[in-house]
Amino acid sequence: MDGCNPFAKPGYLEHDPYPIWRPFDETCEPPRLFAHLLSSLPTASAGPVANFRSTGVATQARQELERVIQNRTVLLVGDTIDRSMVQNLCTMLGLSSVSVTADHAFGDSLKNVESTTTPGDTLLADYCYVEQYDTLFTSFYHYGIETSEVWNKQPTYYPPQRFEARVEELLGPYLQALSDPRTSTSLPPRRKGIDLAVFSSGLWDLATWAMEDVQMGVASSQDLTSQRMKNWRSRTVDMLSSLRSKVGKARIAWRSIPYPAAGAHGSVRSLLSSIKASFKPTDESNERPFVYANRVSQLNSARAASLSLQGADNVRGTLGQVWTPSSHPTIGDIPLAEMTFGQETSGPHSVFGTTLNPDAMLFWDAVLLELKIAVA
């Protein structure tokens with residue numbers, strides 16, 4: 001890729017007028033891909049961020065945008081944060097996102113897993129299709145590192161629980177459905193494969209530990225033990241290896257976990273409800289929280305260490321794979337938490353109102369840059 005990666009450099013959040021990451025290295029210009037995308041779509045001219053569209057986009061910039069996003073497929077593998085990002089993307093582009101349940105043409109895999117309950121409106125995925133560029137952005141959900149049997153006892157749970165099983169029984173068939181010949185013109189055209197996968201694991205892990213803490217009678221706000229962090233690092237090695245088996249040679253990037261804002265992803269009950277298509281965020285002020293900044297910081301530090309192994313540090317997955325400084329996969333870094341820490345109370349962030357995630361524009365700028373690297 002020509003140029004630099006500003007998200008890999010120290011910097012600060014600047015509103016120009018939309019949020020961008022400004023490196024202290026003045027030779028490294030922030031990307032404008034998302035603003036250019038907004039300006040190129042007529043549907044975005046009346047959307048909630050229409051004022052953030054680029055003006056006077058040069059021909060070269062438009063050509064670069066087309067080269068990066070034309071006929072691409074981007075997969076987010078994570079939790080309710082990723083779902084909100086896909087939904088917010090469509091909202092900002094003046095489009096409508098689609099929830100994939102068992103009743104959807106792409107959702108048959110939900111009906112094929114062994115379960116004592118029917119899937120109902122359980123989510124398999126959400127997607128945002130940008131017809132002008134034939135580009136599909138989709139998210140897929142999992143229950144975190146799930147080293148305990150916490151979630152399968154919950155009323156809204158739908159199997160399988162273990163990440164590798166979800167990838168094999170749900171994600172694999174979903175990706176196959178995306179690539180199969182179409183029987184309906186109302187569906188996005190068949191996909192040729194994944195161009196970029198964005199991975200994250202955090203909210204479900206924090207919720208699992210909080211539920212275990214309640215059972216043990218200890219506070220969920222105390223620091224994570226070293227054993228929990230070691231287990232988390234080991235399992236993420238397994239999970240990324242499993243994801244790689246389905247996305248082939250596509251680039252994988254790893255998103256950090258945003259720090260909690262008031263009322264955001266604040267209760268286990270809300271997290272459990274988020275796997276349903278009908279989920280709507282509600283006031284959680286009376287619910288037991290599980291996302292604490294100290295624990296988020298610990299996991300983000302563990303993630304950063306895994307992305308940049310140094311010295312004698314190594315990570316051994318529970319299935320035997322070992323990452324060392326000289327032998328580990330190349331994985332992109334989307335440091336969303338580090339870039340947005342404390343911004344939920346800033347004045348410029350308030351322009352996004354309550355319907356949009358204020359970090360969405362910055363997130364998609366980072367994703368589009370990772371896509372640019374992936375297809376270079």
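Applying a threshold of 29 Å to the alpha-carbon distances of Lys9/Lys249; Lys246/Lys372; Lys9/Lys276 flags Lys9/Lys276 as lying beyond it. Counting every C-alpha pair in the chain, the share spaced more than 36 angstrom apart comes to 19%. Model label points for Thr156 and Thr330, set 7 angstrom from Cα along the Cα-to-Cβ axis, are 4.0 nm apart. Exposed loop sites are taken as GluC sites (Glu not before Pro) in a DSSP loop (any state but H, G, I, E or B) with at most 12 other beta carbon atoms within 10 Å; the longest stretch of the chain without one runs 150-376. Extension gain for Glu66 to Asp223 (0.36 nm times residue separation, less C-alpha to C-alpha distance): 52.0 nm.
Computed from the Cβ-Cβ distance with R0 of 51 Å, the FRET efficiency linking Thr55 to Ser241 stands at 0.70.
The Cβ shell under 12 Å around Leu124 holds other residues with a net charge of -1, Lys and Arg each +1, Asp and Glu each -1. With a cut-off of 15 Å between beta carbons, the residues surrounding Ala165 carry a summed charge of -3, where Lys and Arg count +1 and Asp and Glu -1. Over all other residues within a Cβ to Cβ distance under 15 Å of Val198, the charged ones net out to 0, with Lys and Arg as +1 and Asp and Glu as -1. Scaling the Cα radius of gyration of the stretch 150-277 by the globular reference 2.2 N^0.38 Å produces a ratio of 1.26. The antiparallel fraction among DSSP beta bridges confined to the chain stands at about 50%. Between Leu187 and Asp16, the FRET efficiency from the beta-carbon distance, with R0 = 30 Å, is close to 0.20.
Readers should treat all values here as calculations from the given coordinates under stated rules, not as data from a laboratory. Remember, predicted model here, so these are calculated numbers, not experimental data. Virtual Cβ from ideal backbone geometry, glycine too; neighbours counted across all protein chains shown.
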